Every structure is written in C-alpha cells, then in structure tokens.
C-alpha cells in the first residue's frame with residue numbers, strides 16, 4: 001500500500017469516527033519534504049477547534065504508521081467556499097451551486113470552459129444549467145471543476 005492510500009485510510013477512519021466527510025487529500029512537495037493536505041467537511045460547516053482536533057489525531061496516526069518517507073508537513077482544513085470537484089460524490093453534494101468546469105472537448109460553442117449552475121449529478125455525468133439550456137458533461141470529459149462563491153447568495 002502506498003503512502004497516499006495509507007493517509008487516506010487513516011483520514012477516512014478519523015473523519016468517520018467524528019461524523020465528518022473526507023473531501024479530498026493532496027500530496028505534493030519534494031522527496032523528504034512532502035506536503036500532505038487533508039480537506040474535511042460536514043453539512044453546516046466545521047469550526048476551527050474540530051479542524052485542530054482532526055489534525056492532531058491524523059498527525060498521531062501518521063507518526064505511528066510512518067507511511068511517508070522523510071519529513072512532511074500536514075495541513076488539515078475545510079475545502080473552502082470555492083472547492084474542487086473531483087468525484088461524482090463532490091458533484092452530487094454541490095447540486096444547486098455555481099460552477100466552472102474545464103473540459104477535454106467542447107460542450108459549448110468555441111470553448112472548453114463551462115460556467116453555470118450545477119443542476120444535477122449522478123454516477124456518470126454532471127448536468128449544468130446555462131443561459132441557453134442544459135449541458136450534460138460525462139466525468140471522463142472533465143479536466144477540472146470547482147464551485148464558485150456568489151456574493152449575496154451565501155453559496
């Protein structure tokens with residue numbers, strides 16, 4: 001099992017115990033100086049004390065298991081107001097929100113960029129409402145996607 005899988009397994013166990021949602025994990029940096037980012041969420045949001053407690057618990061688990069070679073920095077936070085959408089679950093949880101999606105092929109005239117409201121999502125594709133209708137985008141055609149915070153709407 002690789003380092004990412006071990007970190008994910010540990011983070012899933014911690015978040016599940018605390019009735020939180022593991023949103024995403026990112027690992028980067030250089031060998032011996034890794035950066036591990038863990039994003040946690042729950043309906044209604046998370047307070048800073050909870051983030052600190054999750055960080056401490058994951059850190060203890062990583063120290064015991066030692067899946068990362070060399071030094072690393074652990075960062076635990078929420079995914080934020082504008083969050084990356086990388087899985088079908090992310091899309092399903094973001095229905096009704098404004099999104100920007102970059103695609104591998106064009107779904108709108110002359111652009112690989114779609115801006116609209118996420119109308120619906122299932123295990124295969126996301127449906128995005130535009131001014132001129134709705135476009136269905138299969139996940140395998142998405143390069144990147146994120147929600148967009150709209151001032152005044154609270155979303």
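Just so it is clear, none of the values below were taken in a lab; they were calculated from the coordinates. From a predicted model like this one, the values you see are computed outputs, not experimental measurements. Using ideal geometry, Cβ is built from the backbone for each residue, glycine included, and neighbour counts are taken over all protein chains shown.
Counting every C-alpha pair in the chain, the share spaced more than 22 angstrom apart comes to 49%.
Computed across the range 1-43, the Kirkwood radius stands at 11.0 Å (inverse of mean 1/r, all Cα pairs). Based on Cα atoms of the range 88-147, Rg over Rh with Rh as the Kirkwood radius reads 0.91. Could you work out how far helix 3-17 tilts from the main Cα principal axis of the chain, as a 0 to 90 degree angle to the nearest 10? Here the helix axis deviates by roughly 90 degrees. Distance between the C-alpha centres of the range 7-56 and the range 62-117: 14 Å, rounded to the whole angstrom. Compared with the dominant principal axis of the Cα atoms in the chain, helix 48-65 is inclined by about 60°. For the range 88-147, the relative contact order comes to 37 percent (Cα pairs under 8 Å, sequence separation of at least 6). Springs between Cα atoms under 10 Å define the GNM used for the chain, and in it the highest mean-square fluctuation of 105, 15, 117 occurs at 105. Once C-alpha pairs closer than 8 Å and six or more residues apart are averaged by separation and normalised to the residue number of the range 2-58, the relative contact order reads 31 percent. The alpha carbon convex hull volume per residue for the range 3-77 rounds to 73 Å³. Fewest-first ordering of 73, 27 by other beta carbons within 10 Å of each residue's beta carbon gives 73, 27.
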